[in-house]
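S.K.: Here it is, the structure, as structure tokens.
The values are calculated or read from the model by the stated rules, or taken from the named source; none is laboratory data. Note that the structure is predicted; figures quoted are calculated from it, not measured. Note that we place each Cβ from the backbone using ideal geometry, even for glycine, and neighbour counts take in every protein chain shown.
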């Protein structure tokens, strides 16, 4: 127990700034609200695909009334397109304000606004929703002073806990991803990268032709897999930590180009910055 407490709360005389994470997550939260602007009336409106009545029928049929009680959101109270878009505008404003002014009075409402939108749109939720909402919650734990562009001589315990939550979440995600990859033969035979890039619907970039050659997609596939397996350990070793952070960022960019999962992988690339540590200025 004492080891766990020391791990979660022990202060280190290192740079405690979470500035990059704060700016990155706030910008991604802004885009999260923007991405729902066009489709929100189609999904959440009175006659929407995921309207209140449709969801009620779905939960009753699936016998999921108990699970539905946890999907809390103020957006369940309205079907007005105007109100829904006002909610999105308020979320965008909170994201910009929280990026400019580190404060729990802004970061907590921003987190709650993102959770409310994610819970309302759980039927269309992507992999990014849970990571973004979790990251904003961890950021809200940190002391606001440690979220500025500055170097401090000692971490506050709130910031230590915030950083640890980021680090543990990123590590668990990478471990789960790596083991999931090992369960699929396409990561063993080198065709995974071209398989990920093959579906071209609604993609920002079509890179299928770029990875069509075995000389490209096989080494690329194995590099992605090896990075996924090695990074969780290397991130916790001081001598390899900086290299691992850079490798994970490159890994995120590569997979984002291949899969077009930009928001999720951008969020992961921001969260991994919790491992980026600098020596204090003298």
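S.K.: Mind listing whichever residues of the range 216-238 are out of contact with any helix residue (DSSP H, G or I) (no Cβ under 9 Å at 6 or more places or on another chain), closer than 17 Å to residue 186 by Cβ and modelled with pLDDT under 90?
M.R.: Result: no residue meets the conditions.
S.K.: Right, something else. Only one of these conditions is not met by residue 67: (1) exposed (fewer than 15 other Cβ atoms within 10 Å of the Cβ); (2) under 26 Å from the mean Cα position of the chain (by Cα); (3) farther than 20 Å from residue 116 by Cα; (4) modelled with pLDDT under 70. Which number is it?
M.R.: Here residue 67 clears every test but (3).
S.K.: Restricting attention to the range 85-93, does a residue exist that is assigned by TED's automatic domain parsing to the domain that holds residue 34, surrounded by 18 or more Cβ atoms within 10 Å (Cβ to Cβ) and either under 18 Å from residue 163 (Cβ atoms) or at pLDDT below 90 (or both)?
M.R.: No, there is no match, as no residue in the range 85-93 is assigned by TED's automatic domain parsing to the domain that holds residue 34, surrounded by 18 or more Cβ atoms within 10 Å (Cβ to Cβ) and either under 18 Å from residue 163 (Cβ atoms) or at pLDDT below 90 (or both).
S.K.: Separate question: Between 116, 178, 190, which is in a loop (DSSP other than H, G, I, E, B) and at pLDDT 80 or above?
M.R.: After ruling out the rest, the residue left standing is 190.
S.K.: What number goes with the only condition from (1) within 20 Å of residue 42 (Cα to Cα); (2) in contact (Cβ under 8 Å) with a residue 24 or more places away in the chain that residue 86 does not pass?
M.R.: Of the numbered conditions (1) within 20 Å of residue 42 (Cα to Cα); (2) in contact (Cβ under 8 Å) with a residue 24 or more places away in the chain, the odd one out for residue 86 is (2).
S.K.: Ok, one more. Based on what the data block shows, is residue 212 surrounded by 15 or more Cβ atoms within 10 Å (Cβ to Cβ) and modelled with pLDDT under 95?
M.R.: No: the conditions fail for residue 212.
S.K.: Next question, about the same structure. Do we have residue 90 as within 29 Å of residue 276 (Cα to Cα) and in a helix (DSSP H, G or I) here?
M.R.: no
S.K.: Name the residues in the range 171-189 that are within 20 Å of residue 216 (Cβ to Cβ) and surrounded by fewer than 17 Cβ atoms within 10 Å (Cβ to Cβ), would you?
M.R.: Residues satisfying the conditions are 184, 185, 186, 188, 189.
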